[in-house]
Every structure is written in structure tokens, then in C-alpha cells.
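**Q** Dropping a structure here in C-alpha cells format, bear with me for questions.
Readers should treat all values here as calculations from the given coordinates under stated rules, not as data from a laboratory. Computed from a prediction, not measured in an experiment: that's the story for all the values here. Every residue, glycine among them, receives a Cβ derived from its backbone with ideal geometry; neighbour counts consider all protein chains shown.
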Amino acid sequence: MGKWSRRAFVTTAVLAGGTLAIGIGIRPGDRRSKVAGLVAGEEETILNVWVKISPDNTITAIIPHADMGQGVHTTLAMMLADELDADWSAVRMLEAPAHEEYANYAMAKGYTLGEKDFPSFLVDTVDGFFLKATQFKDLQITGGSTSVRTTGMVAMRVAGAATRSILKQAAADAWQVPQEELETRNSYVYHMASNRSAPYASFADQAAELSIPPVPVLKSEKEFSIMGTDVQRLDVPSKVDGTARFGIDVVLPGMKYAAVIAAPVFGDTVKSVDSTAVQNMRGVRKVINFGDAVAIVADGYWQARQAIDKIVIEYESSGNGDVEQSDIFDQFTAAMDSANDDGDQQIDLEIGDAEAALSASKKIVEAEYRVPYLAHATMEPMNCTAWVHDGECELWTGTQNPLAFARKAADAIDMDIANVTLHNQLLGGGFGRRMFPDYTIQAAKIAAQVPYPVKLIWSREEDMRHDHYRDANISRFKAGLDAAGNPTAWINQYVEKHDPAEAPHIPYGIDNQFIHFANSKTHVPWGNWRSVDHSLHGFFTESFMDELAIAAGKDPYEFRHDLLEKAPRFQAVLDLAAEKAGWGSPLPENWGRGIAIHRSFGSIVAEVVEVEIKGGKPRAHRVVCAIDAGYAFHPDGMRAQMESGIIYGLTAALYGEISIHRGSVAQSNFHDYQMVRMKESPEIETHIINSGESIGGAGEPGTPAIAPALTNAIYDAIGIRIRELPIKNHDLRLEDHESKDVA
Amino acid sequence: MITLTINGERHNLDVDPDTPLLWAIREQMGLTGTKFGCGIAQCGACTVHLNGSPIRSCVTPVQAAANQNITTIEGIGNADTGLHVIQQAWIDEQVPQCGYCQSGQIMSAVALLSENQAPSDEDIDRAMSGNICRCGTYPRIRKGIKRAAAMLTEEQSDG
């Protein structure tokens, strides 16, 4: 651990009122290394956690992540508190301000590297993080299921252990006893031999004088006292009595409200605005043309909304006004065909010789799948409050990436970033949508033109029609089975590749694989949507695996189990889900059971769905989920995230469909972009494996397996294979469904 | 001027009578626990009680609620005045995630429990399917309602 002193620093100080502040920064370190060029100054850090110990012995940690419902503040607090031997009932978390010191390179690395291990904190942060760091300089992101994996493992635990070490040293100095004789628990230092004890806070002055950085020793799993337990989340009480403050709840003195409408066709611009009809409307103050959207500022939001419906806007066409959804799928098909014809295939993965193995196989199975665009539809519509005053701009919004939002807003109103302050608020859902700063840029532009604070609120219609969408896609498969029904060749082609890179890859032992894609851009904006590319490839690959099992005449679970012989972690997760679900036990008529497994963001998740087909519609009654994320620091939080990811994915599988009509989004609100509701919500049970492997995420990995597990269950129930989502577009009453035959 | 009685207090508001109750509650009254979600009575985030019954405040003109009893999440209970059993059950079951829809969920659940102290799964489906939750807290909401119902039964047998 000799590297600790070079690559990390600890600063201590006593603040006014006697609060001890301990700052722990881990920086790239060795300035001669390749990292040096990325480090702007001596003080620049890659992770920065502040721990404050108040005179009343309350401990506050300031962390660089937003909580959007995933409970990460609680989990990160647990990691810090456990290593610190803190009194859990007196631990508080504060989100760090949007500031470059909190730019989260480790997050960038975790997101960028995806599946790669993230072992000992020092070696990796120093040697591994810079892979794509230059592209991620502005990031202070919460996403990629990485808060616990990176900030938690790298910074919170280290900060807790380092702080405890400093306090012990301070106590040893104060009491003139050897450190080894001291114990810490519940935010107290004890010296049993002399029967002395004192709260951490009483050593503030001594601790602040210590200049030698300690060597933090992290606890082993069996020493955990808070990590791994089901503590109650810190944010829940404020979310049951209406006191939790989201971005939309910000109130400022003299604040006005704004509504906005953007050009319905992506890429179109505003040619003219006729605001005659709103000139004399009560409360209306200003009409602002952004060039691609128009906003109206009024005394109340409802007044602004009514006015926005009355103005007449003419748009300049970008040439996309005739695009239909079918044109987009035709474009994809053509791109795939021409990539094959011209040999212009973008290679994703090549193992062995798949074409040759296919030719030599006994049976060839082929299938093509499609998925539509999806909107995020967070419950809280996009909104931002902005106030430009005294040469500064203040922003209040819920964002997954505060630093980049502040920078984009600064650029939009031509202001120095140093004069822009973003106050991050609770997020009423994120799911990837609140990575995109469009609404914050609009709010800043409005505020730059008026002398008062303005709260911009998007209507649900605006939110749905101007999202950044999970892409529509097509995936084609060809596979070969040998005489024993074992797959020998796997050929897969899809359209466009985003992140993470390994999303289309399968864990199964198939010797010859060729996975490739064709580029085919559209005018529809793309965005990270819970689990990103995994959300589509989980459905594609695990549906096709089911088709292979059926073609091989094998049980879908046993078929997968046998092909995971060399992937024991996967096999254990699959087996646990199957066992807990009672795989193989009889079900009533028109009921079916389906299984799927998929790894994303470092976590392996298997799900078994029990479905009933009634009146041509599927009703998922029960979902059994097994997850191996290495270790569950907050098991109930992990269960909650599995439930959440499953229902989010279930909504997409059953109903999710954003379609393009005349170049714009056809859907507008929850009546035509339906959600799973209470009456359709399955019972969900989650089983956790603590394998001790590297830490995986929780926010996203529940989502990819649910769609294929459900459609596989539908096939099991009635023999109809769903190859295109959403399921609502299929009539499950047809007995001679065209998709029933495989191969 | 329109007179609204919210959480037992009378207020005179200078507001266009067609304005949805939601915006009067949030902007004029400053009670931000009631949320905007869809504006067309599809998601339930704006649920409040009108004379004890759940309504969608985003489509209820403020004049339609004049001189009647309106209850918002702020009138249900809090740690200082005492939590409603539904709120306590929500904490016990760790229901909320992002929390944005939960005011509306709780208002629907409180209304359900006030007229049916032993709701079946079907009763819960009926009463709660107007409230969307994107974080997927439905299984915990169901457990929360059942726990609250059990707490009520216990209280009564104790009393």
C-alpha cells in the first residue's frame, strides 16, 4: 500500500463550530505515467469524498451521485459507515455540488469497461481509468449501474477506513496509549484496558493536526456489521408525507412558469411564430423562439400551457416529415442486406468459423426479431428552474449528470462555467433520460431573457415526443445444431451498436460464432434507456436460444444448463432461478413457464416467468429472479432494484412502442403509451448469490431477461413464438399463428 | 375569488375558475406533495381527496372543488403529527423508490382503506390501477396495503 500516499491524499480541518472535515481524494498519481496528460492541476482528483463529523457526533458524507430511486445514497452511506464503525442512526448523506472536483472518472471507467473486473481500488483507478477518460472529462454521472461498483468500492469504503484510522491515531495520541489497544464502534473510540471511551467528535482537534496519510485497511466480509444488512433507506420517510423535494417542486421568490413546444419532427426548425392569440391572455408575459422550439412564460404554469396551445407556429422542414416507422425498418433491412452483399459487415465478435460450421450442421435454425423505439416516461416530466442574476446563472433540476448539464447551460447562454451553479434535486425517475440536458438548456435560455426565476415544465406530451429513445432494431439469427442437438454455429446480425459493447454476446459454449452489425442512422434521437443495448439483445439472444432448445427437442432450462458447463457462475444463477421457480412442476392449461439469463453491468440475472393466457392476453403471475452481483451490500435494495427492473422491462415487453409517423412520434401520453399497472403486476421473488466475485450493478441488470422469459413462457403455454415486441400487437388467440413453426 | 378548504383550512384564491385544482394546490397554496404526471387523469400522481374520495386534481377545475373538503398528502399525516397506518406500512415495507408517484399512491390507498378495512387482491387491483409507478413498486404497495389493513385490525382488537 505504499502507493497510497502518492496517489491519494487526505486533508483534515476543523470547521467553524468544531466540525471535523476529512477530505479524501484519489488522484491519478504518478505524474510521469500516461495519466499525466489528463491531469490539469495538482489539485485535480478523480474521486473526492468529504466526511464531516459534527460536535454532536453526527457523521455526514458528501458524495458525487444522484439518487433517482435506486437507493444509492443509502447503500453508499452503509459502505462508508461500516468501514468507519459509525453509529448508523447518526449518518447522513449529502449530494455533492456540481463541481469539477467531483468529476467522476471512476464512473467513466466502470461504464466504459463494462464487464471488466474492477479489482483493488488503487491499481485500477490509477492504471485503468484513463482508457476513455479524455472523452469523459465532464462526467459526474449516475448511470451504468456503477455507483456502488465504483464510488462505493473505491471511495466510500476507503474514506470510511481512512477516517477511522485517523480518529484512532488521534485517540492514541490524546490518551497516550498504543493504537492496537483501541477499538471503534458506534462512532466511539474505546480503550478497554483503562475503561475509557469518547465520541469521534471529541478528537476533532487532534485529528485535524494529523498530517500523515493513513494506510486504510478495508474490512473483510465477515467483519461487516452494516454492509450486507437490510437497513431502512434514508430517503423513505420524506417520500411518504409529501416533503421530498423534486426538481419540479422548487419554489423561488417571484418565480414565473414556462411551457414549451418543440418542432414535432426531429430536425425541423421554427420558421415563424404568430402569437397574436396569446397577446392579451391573462398572465402571459413573454414568447421566446429557440429556433427549434417555442416557449411561453406566464405567471402560472396553467396559463403558459393554455397559451402554448394557442400560438400558431410554422416549421421549416428538415426533410424528415414523410418518414414512417415502416420506412425505418425497411431502411434497416436494406442496410443489413447490403452489408452482407458488399462484405461491409461491422464485426462484433468472431470465434472459429461459423459459416463452415453452419454448412456442416445437421439442422439449421433461423429467425428474425424486431423491437420498437421506447421512451423513458419518467413519472416526473422533464423540468428545470433557472435564474440569471448578478452575472450568474443558477439551475435547479434533477439530473444524472450535473456537471455536464451546467457546462451545456453555460455554453448555451455564453456564460463562463464558473458563474453557473447547478443545484441537483431529487429525480422523479431517471432510467437514462436525465443524462440529456435539453430541458436545462431551454430553461437557461429563457432565464437569460427575463429578470426573474423561471420554472420550465414539459407537458407529458412534450416529454414523450422529445425523448432520447431506446433504438428500434432488427436482429437476425442463424444457428446450426449437430446430430445430438448441440449448437455448433451461431450467426447474428443486427443494426447499429451503442453501449455496452458486450451486450450481444452470449455466455454459452458454442465453438463457432459470428456476430456482426450494419450501420443505419435515423433522424430519431438515441438515448441510454435502462440497461441500454442489453435491453434489446437480451430479448434477441435469449428468445433465439429458446428456439434452438425447442428445435433440438430439449428442455429450455436443461439446454441452457448444459451449454453453461464452462461458465459456472452463470450455471449457478440459472439453476437457482429454475429450482426456486419449481421448473418442471405441472401448470394449469394455458399456463406456461419461460426462462432467460443475461449478464449486464457485471451482474448475472436469471428470471423465470409463469404466464397465463386468458382471452388472448398474457398475464404474468409470478417472476422468480436470481442474481449474482458479487456481493449485495444492501440486499433489500437489490431486491427492490430487481422488482423495479423487471416491471420496467415487463411494461416494455407488453406495451412499449414508440412509432414514427410523418417524421414525429405518434404516441403522446399514457393512454397510447401504456404502462403495467397494479392489476398486471406479478408477484416477484428475488434470490441473491453472494459469490464474492467482482461487484456488479443493480439498477439495470433486472431488465434484459424479463422480455425473453415472458415470451418464452408464452410459447410454452400456447406454442406461439413472439418475435416482435411489444406483445400487445399480437393476437394470442390465433391457433395457427405463423410464427409457431421453427426452422 | 374562489374559496378552497384544503386540509381543514379555508383559503381565498384569485385564480381562473377553469384552472385545474392541481396547479392551484401546487402554485397558489405551495403544497408541492401533490404531483403533475400526465395532465389527463391517466397516471394518478395528482390524486387528492374531495370529501374523502380520490379524484385526479389535474382534470378537476378549481371551481368544481370550491367550498368542499380537499385533502392532500400534507393532510394525511407526518412524523410530527403522527403517521397514517398507510404511511407507516410504506416505511415498513420500504415501498418508495424515486418516490414521485407515492403521494398519489398513498392517497388512493388511504381512500381504499377508509371504506374497506380488509381489501382483497381484487379490491387492491381495482383501487390502485389508476396510479402508475415507473419504478415498479406495485408488489410492495400491495404488501403495504395488506400490512396497514392488518395494523388496523390489530388496533381495533386491542382497543
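**Q** If you count, for every residue in A:191-201, the Cβ atoms of partner chains within 10 Å of its Cβ, what is the mean? Present the calculation step by step, with values, prior to reporting the outcome.
**A** Values: counts 0, 0, 0, 0, 0, 0, 0, 0, 0, 0, 0.
Across A:191-201, the average partner-chain Cβ count within 10 Å equals 0.
**Q** Could you run the Karplus curve 6.51 cos²θ - 1.76 cosθ + 1.60 with θ = phi - 60° over the stretch A:165-181 and give me ³J(HN,Hα) per residue in whole Hz, x for Gly and Pro?
**A** 5, 4, 5, 5, 5, 4, 5, 4, 5, 5, 9, 6, 10, x, 3, 4, 8
**Q** Sorting A:ASP230, A:ASP463 on the 10 Å Cβ count, fewest up front, what's the list? Please report the intermediate quantities before stating the final value.
**A** On the way: A:ASP230 13, A:ASP463 24.
Fewest-to-most ranking of A:ASP230, A:ASP463: A:ASP230, A:ASP463.
**Q** Filter the cross-link list A:LYS52/A:LYS222; A:LYS271/B:LYS35; A:LYS521/A:LYS566; A:LYS239/A:LYS617; A:LYS521/A:LYS614 down to pairs whose alpha-carbon distance in this structure exceeds 32 Å. Mind showing how you got there, number by number?
**A** Working: A:LYS52/A:LYS222 27 Å; A:LYS271/B:LYS35 35 Å; A:LYS521/A:LYS566 38 Å; A:LYS239/A:LYS617 35 Å; A:LYS521/A:LYS614 40 Å.
In this structure, A:LYS271/B:LYS35; A:LYS521/A:LYS566; A:LYS239/A:LYS617; A:LYS521/A:LYS614 lie more than 32 Å apart at Cα.
**Q** Separate question: Roughly how many debye, to the nearest 20, is the charge dipole of the protein assembly as shown about its Cα centre, given +1 on each Lys and Arg Cβ, -1 on each Asp and Glu Cβ, and no other charges?
**A** On the way: 79 positive and 117 negative charges, 252 e Å.
Roughly 1220 debye for the protein assembly as shown.
**Q** Now a separate question. Using the reciprocal of the averaged 1/r over all distinct C-alpha pairs, how large is the Kirkwood radius of the stretch B:2-75 in Å?
**A** Numbers: mean 1/r = 0.0852 Å⁻¹.
So the Kirkwood estimate lands at 11.7 Å.
**Q** How long is the gain from A:SER89 to A:ASP309 if the chain were fully straight, where each residue apart is worth 0.36 nm and the alpha carbon distance is subtracted? Mind dumping the intermediate values first?
**A** On the way: separation 220, 0.36 × 220 = 79.20 nm, distance 5.06 nm.
Length difference between fully extended and current span is 74.1 nm.
**Q** Shifting gears a bit: Indicate, rounded to the nearest 5 percent, the antiparallel portion of the DSSP beta bridges found entirely in the stretch A:354-471. Mind showing how you got there, number by number?
**A** Values: 10 of 15 bridges.
In the stretch A:354-471, DSSP labels about 65 percent of beta bridges as antiparallel.
**Q** Specify which residue in the list A:TRP175, A:GLY719, A:ALA418 is farthest towards the positive end of the charge dipole of the protein assembly as shown, using unit charges on the beta carbon of Lys, Arg (+1) and Asp, Glu (-1), about the Cα centre.
**A** A:TRP175
**Q** Next up: For the residue pair A:ARG662 and A:VAL273, what label-to-label distance in nm results when each label sits 7 Å from Cα along the Cα-to-beta-carbon direction?
**A** Result: 2.2 nm between the two label points.
**Q** Residue by residue through the stretch A:406-420, what is 3J(HN,Hα) from phi via Karplus (6.51 cos²θ - 1.76 cosθ + 1.60, θ = phi - 60°)? Round to whole Hz and write x for glycine and proline.
**A** In residue order, the calculated couplings are 4, 5, 5, 5, 4, 4, 5, 10, 6, 10, 5, 4, 5, 9, 10 Hz.
**Q** Rounded, prolate or oblate: which fits the protein assembly as shown, taking a ≥ b ≥ c as square roots of the Cα gyration tensor eigenvalues, rounded meaning a/c under 1.5, else prolate when a/b beats b/c?
**A** Details: a/c = 1.35, a/b = 1.07, b/c = 1.26.
Cα axes put the protein assembly as shown in the rounded bin.
**Q** I'd like the distance between the alpha-carbon centres of the stretch B:11-88 and the stretch A:240-267, rounded to an integer number of Å.
**A** Using only Cα atoms to place each centre, the spacing works out to 18 Å.
**Q** Taking amide H positions as placed in the peptide plane 1.01 Å from N, state which residues far from A:PHE224 in sequence (5 or more) or on other chains have amide H under 5 Å from it.
**A** Correct list: empty.
**Q** Another question, if that's okay. Label the stretch B:1-124 by shape, choosing from rounded, prolate and oblate, from the square roots a ≥ b ≥ c of the eigenvalues of the Cα gyration tensor; if a/c is under 1.5 it is rounded, and otherwise prolate applies when a/b is larger than b/c, oblate when it is not. Don't skip to the answer; put the middle values down first.
**A** Details: a/c = 1.77, a/b = 1.65, b/c = 1.07.
Judged from the Cα gyration tensor, the stretch B:1-124 comes out prolate (a/c at least 1.5, a/b above b/c).
**Q** How do A:ASP672, A:ASP546 rank when sorted from fewest to most other Cβ atoms within 10 Å of their own Cβ?
**A** Details: A:ASP672 14, A:ASP546 26.
With the sparsest Cβ surroundings first, the list reads A:ASP672, A:ASP546.
**Q** Could you put A:THR686, B:THR5, B:THR81 in order, starting from the residue whose Cβ has the fewest other Cβ atoms within 10 Å? Please list the in-between numbers first.
**A** Values: A:THR686 24, B:THR5 15, B:THR81 10.
The most exposed by this proxy come first: B:THR81, B:THR5, A:THR686.
**Q** Can you give the mean number of other chain Cβ atoms that lie within 10 Å of the Cβ atoms in peptide A:674-685? Mind showing how you got there, number by number?
**A** Values: counts 2, 6, 6, 10, 19, 8, 3, 10, 2, 2, 4, 1.
Averaged over the peptide's residues, the number is 6.
**Q** Which whole-Hz couplings ³J(HN,Hα) result when phi for each residue of the stretch A:284-298 is put into the Karplus expression 6.51 cos²θ - 1.76 cosθ + 1.60, θ = phi - 60°, listed in order with x for Gly and Pro?
**A** For the stretch A:284-298, the Karplus-derived couplings read 6, 10, 7, 10, 10, 9, 8, x, 10, 7, 10, 10, 10, 9, 9 Hz, x marking Gly and Pro.
**Q** Just how far, in whole angstrom, is the stretch A:660-738 from the stretch A:349-400 if you go by their alpha carbon centroids?
**A** What the calculation gives is 16 Å, centre to centre.
**Q** Collect residues whose amide H, placed 1.01 Å from N in the peptide plane, falls under 5 Å from the amide H of A:TYR188; neighbours closer than 5 in sequence don't count.
**A** It is A:TYR200, by chain and number.
**Q** Moving on. Under 5 Å between amide hydrogens, which residues at least 5 positions from A:TRP526 or on another chain qualify, with H placed 1.01 Å from N in the peptide plane?
**A** The list, which skips near neighbours in sequence, is A:TYR469.
**Q** Let me ask you something else. On average, how many beta carbons from a partner chain sit within 10 Å of the beta carbon of a residue in A:228-241? Mind dumping the intermediate values first?
**A** On the way: counts 0, 0, 1, 1, 3, 4, 0, 4, 11, 7, 4, 14, 22, 16.
Mean shielding by partner chains, rounded to a whole number: 6.
**Q** Something else about it: Any idea what diffusion coefficient the stretch B:85-158 gets from Stokes-Einstein, in µm²/s, Kirkwood Rh on alpha carbon pairs, 25 °C, 0.890 mPa s?
**A** Values: Rh = 12.1 Å.
This corresponds to a translational diffusion coefficient of 203 µm²/s.
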